[in-house]
Amino acid sequence: MRKLPPLASLRAFEAAARHLSFERAAAELGVTPTAISHQIRLLEAVCKESLFRRRPRPLALTAAGEQLFPVLRNGLDAFAAAIESLSTKTELRALRVTTPEAFASRWLVPRLPLWRAIHPAIPLEVIGTNGVLDLSAGEADVAIRNARSVPVDFPAQEIMREAYFPVCSPALLAKGKPIRRAADLLGYPLIQFEWLRADPSTPDWRLWIATARSIDPNFPEATRVWDLSFREESHAIEAVIAGQGIAICSDVLVGHELQSGALVRAHELSLPGYGYYLVHARERAKRPGIEAFAKWIMTVAKILCVGIQLGLAYAA
């Protein structure tokens, strides 16, 4: 008969060791930090060893904790994978993919026929939202996240990186004055969309104009930052395609229009954007649907990025 500590103590230790934080472990397991501390002390009593060095901060594992953590983590991962395998055998469940709303509508959805042609037996449920769903809680199986750097809470693969620059309809340029320098863009309606992240390096009109002014000392003071604003990025892009003005857009999200000529770069000055990362919960890494989706999206992104680069080079 196996002699094991309570499962609650093992789960509390594994989460705290993975996050190196009682607070984040508590948030993941839906309990209080005090409860996490209590469960770990129970486990330490069973092991007759201290598992964490609590002082001085930050929290760190002791030698005993480092010995126990990988064994326990791998065991819980194997347990979760086995349960997942049994559940997928008994019920065909859609692979739930969450992405930012604009990426879903402008990049992923138009390319889903390519997915269905290769994997007709794996249904997808696409959740387009600008909120961050909890993968550990099973709110989605895989997420595509737009971030400045690699997410650290889950295993992540970079799919592609974006750049932001002013784009507009060629019909708009044909009706207005020629754009010879950055300041000439101020003679056109400027379109903006609402950024939800608080980041001083957000690639919007404020940063673009500030960057242009640092390059061109004769850049005039702008009397306004934009003329038309939208809450959703995809709505701003539709307004640009309709010829209503110029917007700072991601080359990933308007790549098709740049290749077709429906949109053109209004100026060569660009701003660094964010990376698109594919992330999933560690315990579901071996689920066949996730592996298939990861391979598919990485391949499609690589092909399309090369096509965009060739198209822009040809246009130049």
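The values are calculated or read from the model by the stated rules, or taken from the named source; none is laboratory data. Since this is a predicted model, take the numbers as computed values, not measurements. Cβ sites come from the backbone with ideal geometry, for glycine too, and all protein chains shown count toward neighbours.
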From the residues in the range 241-253 that are assigned to a strand (DSSP E or B) and of a type in the set (A, V, I, L, M), which one is surrounded by the fewest Cβ atoms within 10 Å (Cβ to Cβ)? I246
Top-ranked residue in the range 186-208 [being hydrophobic (A, V, I, L, M, F, W, C) and touching a strand residue (DSSP E or B) at 6+ places or on another chain (Cβ under 9 Å); ranked as surrounded by the fewest Cβ atoms within 10 Å (Cβ to Cβ)]: L207
Members of the range 190-201 that are touching a Leu at 6+ places or on another chain (Cβ under 9 Å) and more than 13 Å from A239 (Cβ to Cβ): P200, S201
Looking at the range 119-230, what strands (runs of 3 or more DSSP E) fall wholly within it and have at least 3 residues that are in the same structural domain as E291 (by TED's automatic domain parsing) and over 20 Å from P272 (Cβ atoms)? 124-128, 228-230
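Table: residues versus (1) out of contact with any Cys (no Cβ under 6 Å at 6 or more places or on another chain); (2) modelled with pLDDT under 95; (3) among the charged types (D, E, K, R); (4) more than 27 Å from A242 (Cα to Cα).
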{"site": "F103", "(1), (2), (3), (4)": "yes, no, no, no"}
{"site": "W107", "(1), (2), (3), (4)": "yes, no, no, no"}
{"site": "G131", "(1), (2), (3), (4)": "yes, yes, no, yes"}
{"site": "F154", "(1), (2), (3), (4)": "yes, yes, no, yes"}
{"site": "Q157", "(1), (2), (3), (4)": "yes, yes, no, yes"}
{"site": "V167", "(1), (2), (3), (4)": "no, no, no, no"}
{"site": "P189", "(1), (2), (3), (4)": "yes, no, no, no"}
{"site": "F193", "(1), (2), (3), (4)": "yes, yes, no, no"}
{"site": "S201", "(1), (2), (3), (4)": "yes, yes, no, yes"}
Hits in the range 272-304 - residues which are touching a residue at least 24 places away in the same chain (Cβ under 8 Å), among the hydrophobic types (A, V, I, L, M, F, W, C) and outside any loop (DSSP other than H, G, I, E, B): L278, V279, I290, A292, F293, A294, W296, I297, M298, V300, A301, L304
How do the pairs read when you match residues in the range 223-247 that are at positive phi with residues anywhere that are loosely packed, with under 15 Cβ neighbours inside 10 Å and small (G, A, S), using Cβ under 6 Å and keeping only pairs 6 or more apart or on different chains? G243/A171
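This table checks each residue for (1) among the charged types (D, E, K, R); (2) surrounded by fewer than 16 Cβ atoms within 10 Å (Cβ to Cβ); (3) in the same structural domain as L135 (by TED's automatic domain parsing).
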residue: E44; (1), (2), (3): yes, no, no
residue: L51; (1), (2), (3): no, no, no
residue: P58; (1), (2), (3): no, yes, no
residue: A63; (1), (2), (3): no, yes, no
residue: L68; (1), (2), (3): no, no, no
Considering residues of the range 209-240 that are in contact with a helix residue (DSSP H, G or I) (Cβ under 6 Å, 6 or more places away or on another chain) and surrounded by 14 or more Cβ atoms within 10 Å (Cβ to Cβ) only, the residue nearest to G261 (Cα to Cα): S234
Counting only residues that are within 18 Å of E233 (Cα to Cα) and charged (D, E, K, R), which one in the range 252-274 is nearest to the chain's Cα centre (by Cα)? E257
So V300, is it within 25 Å of A212 (Cα to Cα), outside the structural domain of A82 (by TED's automatic domain parsing) and under 20 Å from the mean Cα position of the chain (by Cα): no
Counting only residues that are small (G, A, S) and surrounded by fewer than 16 Cβ atoms within 10 Å (Cβ to Cβ), which one in the range 109-135 is farthest from E232 (Cα to Cα)? A121
Against the condition assigned by TED's automatic domain parsing to the domain that holds M160, touching a strand residue (DSSP E or B) at 6+ places or on another chain (Cβ under 7 Å), in a loop (DSSP other than H, G, I, E, B) and touching a residue at least 60 places away in the same chain (Cβ under 8 Å), how does L269 come out, does it pass? yes
